[in-house]
Every structure is written in structure tokens, then in C-alpha cells.
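Sharing a structure below in C-alpha cells format, with a few things to ask.
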Amino acid sequence: MKIIRLYYLFVMLSFISCSKKEKGIKPQVGTITEAVYASGIIKAENQYVVYATVNGILQKINVVAGQSIKENQLLFDIERKKAEINTENARLTYELSRENSRYIQDRLAEMEIKVQSAKDKFALTESIYKRNERIRNLEGISEIDFEAVTLNYKSAKLSYETSKKQLAQLKEQLRTEQKRNSNNLRYSQQSQNDFSIRSAFSGQLFDILVKEGALISPQTPMAIIGKANSFIIELEVDENDMVHVAMDQKIMVTMDSYKGTVFEAYVSKIYPIMDERSRTFKIEAHFINPPKKLYPNLTAEANIIIRQKENALIIPKNYLVDQEYVFLDKEIKRKVKIGLTDYMKVEVLEGLDKDDLIYKPKE
């Protein structure tokens, strides 16, 4: 009985020993694809968040989530009583300035008469001065009398120049005041439009993020809008991989919403600046044949195809040691030269042929 038990124990130990012995594998000839991994989300094309440009209480929501909207369609009304009062005050100020301008016009008329009078006086004194200057050269007038003529001339000239400046200043004052009041009125009227929040383009309203009665500021997100039935994939690529990414490269996309299905896309836009916090670059991609149903913010994973090669000599990646060696029979190392790699396989360019046996390194 003991002999039988020892026999069975020997058989079991032999089986375990054989099962632990690794079998070698041969390199395979096939297609290998090198890709860059990226993750991201699905977004509606031209998707944007609606913000107000003013502070106030949200008075009315004119739309519902999910509906189609047109360009410039009214979305939200913010309470505007204060803005209306400001506009009315600006209008009254503008009208008052127009009334005042009539008074200033009368002053302008008086000033123009004053300027003309000063001009005439200056012309007369200038004529007398020049005549007496000639007489003085002939010693026909005393120095005292000539000085009096000169002083009168200079005084008339100064008066004329001063009156011209006063007239110019009065005209500029009138022009500036009217323009300022007119601008204030237009600004107040335009500001009232800021209390009506409208859509930037035709599309779909995906979500409303506020409620009536809420206090709104320019930092408050109010809604999410995007193109209807038109979606893009927004992906983040690690900075170490970004140098391999280029426009129009093919992308294989998977989504949790469509498990087991791979969708083809292509790189349509590259943002040439790195996010300092995540150390990633943002790219956009378009589906070649999009799924029948898509929604904003669905998660996606992607492999951006960098290079692809057919009829390549391929081994499993975990059979490679230090990126340049493989184990042959009897634990003999051989140096190889590798080419393309993906997350499971590696191409061998030199050092192996398809009939060689290689073994998995011991862990």
C-alpha cells in the first residue's frame, strides 16, 4: 500500500515539475502598430458655456434643457430695473445738454462778435503802427508817441488772439459735452441688452445650470450649448508622446458606452501649448463613422496610430530583456535590434529569425 502511495506521489511531483517548465515560443510574422495613448471626452462641436456680462437676479429662464435653439434666441432675462433707471438718467442728461447747447450757441454768437471786433481793432492798430513806424524812420514822431502807438498795437493783438482761443475753447466744450452725453446714453441703452442673454449660434441647449431667482455674476456658468448632432473627441496627450502626433493621423477610439466596439477617427486639431498642471497637450479628433447616438462628456480612450508595418517579425513584449536581449535555450542571451512596439508586442529587426525558440525571462 505504501509503494502505491509513493508511486502516485512521484507521478504528481513529475507532473508539477513538467508544468513549471516553460515552453519556448517562436517569433511570429504579422502586422504591428505603434500608437500613442490618449484619454478624453466627447464634446459637441463648438460647445461652450454661457456666461452673463453683468451682475443681477435671474428673472426668467426662457428655454428648457435639450431643446433646439436658433442664433440670437433669448435664453435668460436678468432683472434690469437699475439699468433702466440709469438709462433714463442718461437720457435726461443728454436732453439737458441739448438745452444747454442752445445757451452755449448764444454765447458762441456773442464770442464770434467779440472776436470780429477784436480782429477789426487789431487790423486798425496794426495799420496805425506800421504808418507811424515809417514816420518814425523819418523822425516825424517822438519816441514817446511811438511807444504809445506800439503799446496800443500789442494790446489789440493780444486781445484778438485771446478772444480766438476763448472761442475755440467754447466750441470744444460744447462738442465734448454733447459727445460725452450722447455716448453715455448709447452705453446705457446698450448695457440694457446685456441683461438679455442670447445664444451665439443655432444648435442645441444641452443643460441649464441656474435657477430663477439666483444671483448671477459674470463668473456664473448658466448653460451649455453646442452644435446639434455634431460631435468631436477632445483628447489629452502626455508631453512625452506629443512629438509623435500630427494632423490627420488615424485614431482608434473606444468608449464605455459602446463596449467591445472600436471607432475610427482622425486628428483634426492640435493645440500647440501644454497644460502646466496636467503636463498634457489637448487635441481634437473627428469620427470617420460616428456612433448613432452620442452625448457630451462621454468618456473615451484612444490610440493614435503613429506607424504601422506588415510582415514584421514579432515577439511578445514581456520576452524582451533590457530592451535589447532575448533568452534562447539553456538561458543563453542574444542581443537583438528592435523596431516598432505597442503595448503587447515588439518588432525584431535583427538577431532572430522565425525558427528561433525564445523563452520568457524569469521574474
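The values are calculated or read from the model by the stated rules, or taken from the named source; none is laboratory data. Predicted, not measured: the structure shown is a model, and the values here were computed from it. All Cβ positions, even for glycine, are placed from backbone atoms using ideal geometry, and neighbour counts span all protein chains on display.
Between a first residue in region 290-311 that is in contact (Cβ under 8 Å) with a residue 60 or more places away in the chain and a second residue that is crowded, with 17+ Cβ neighbours inside 10 Å and basic (Lys, Arg), which pairs have beta carbons less than 6 Å apart while being 6 or more apart in sequence or on different chains?
Pro296/Lys43; Ile305/Lys250
Take region 29-47 and flag every residue that is over 14 Å from Thr341 (Cα atoms) and among the polar types (S, T, N, Q).
Of everything in region 29-47, those that are over 14 Å from Thr341 (Cα atoms) and among the polar types (S, T, N, Q) turn out to be Ser39, Asn46, Gln47.
State whether one or more residues within region 173-190 are at pLDDT below 80 and outside any helix (DSSP H, G or I).
We begin by selecting, within region 173-190, every residue at pLDDT below 80; these are 173-190.
So of that shortlist, the ones also outside any helix (DSSP H, G or I) come out as none.
Taking every residue of region 173-190 in turn, none turns out to be at pLDDT below 80 and outside any helix (DSSP H, G or I).
Condition first: closer than 21 Å to Arg307 by Cα, touching a residue at least 40 places away in the same chain (Cβ under 8 Å) and in contact with a strand residue (DSSP E or B) (Cβ under 6 Å, 6 or more places away or on another chain). Can you find one or more residues in region 260-281 that meet it? Give the derivation first.
Taking region 260-281 and keeping what is closer than 21 Å to Arg307 by Cα, we get 262-270, 281.
With the extra rule that they be touching a residue at least 40 places away in the same chain (Cβ under 8 Å), the set shrinks to 281.
Those still in the list that are in contact with a strand residue (DSSP E or B) (Cβ under 6 Å, 6 or more places away or on another chain) too: 281.
Yes, because at least one residue in region 260-281 is closer than 21 Å to Arg307 by Cα, touching a residue at least 40 places away in the same chain (Cβ under 8 Å) and in contact with a strand residue (DSSP E or B) (Cβ under 6 Å, 6 or more places away or on another chain).
Which residues, taken from region 208-237, are within 30 Å of Glu276 (Cα to Cα), touching a strand residue (DSSP E or B) at 6+ places or on another chain (Cβ under 9 Å) and exposed (fewer than 15 other Cβ atoms within 10 Å of the Cβ)?
Matches in region 208-237: Leu209, Ser217, Pro221.
If you check Ile314 against the conditions, is it within 40 Å of the chain's Cα centre (by Cα) and either more than 26 Å from Asp241 (Cβ to Cβ) or buried (at least 17 other Cβ atoms within 10 Å of the Cβ) (or both)?
no
Related question: (1) free of Cβ contacts under 8 Å to residues at least 40 places away in the same chain; (2) exposed (fewer than 12 other Cβ atoms within 10 Å of the Cβ); (3) out of contact with any Ser or Thr (no Cβ under 8 Å at 6 or more places or on another chain): which one isn't true of Met247, the others all being true?
Going through (1) free of Cβ contacts under 8 Å to residues at least 40 places away in the same chain; (2) exposed (fewer than 12 other Cβ atoms within 10 Å of the Cβ); (3) out of contact with any Ser or Thr (no Cβ under 8 Å at 6 or more places or on another chain) one by one, Met247 breaks only (3).
Residues that are touching a Lys or Arg at 6+ places or on another chain (Cβ under 6 Å): list the strands (runs of 3 or more DSSP E) wholly contained in region 275-363 that include at least 2 such residues. Don't jump to the end; show me each part of the working.
Values: elements: 280-287, 299-316, 325-328, 332-335, 337-341, 345-350.
By residue number, 299-316, 325-328, 345-350.
Can you tell me which residue in region 281-298 is surrounded by the most Cβ atoms within 10 Å (Cβ to Cβ), limited to those that are modelled with pLDDT under 95 and either of a type outside the set (A, V, I, L, M, F, W, C) or outside the structural domain of Val237 (by TED's automatic domain parsing) (or both)?
Looking at the filtered set, the residue picked out is Pro290.
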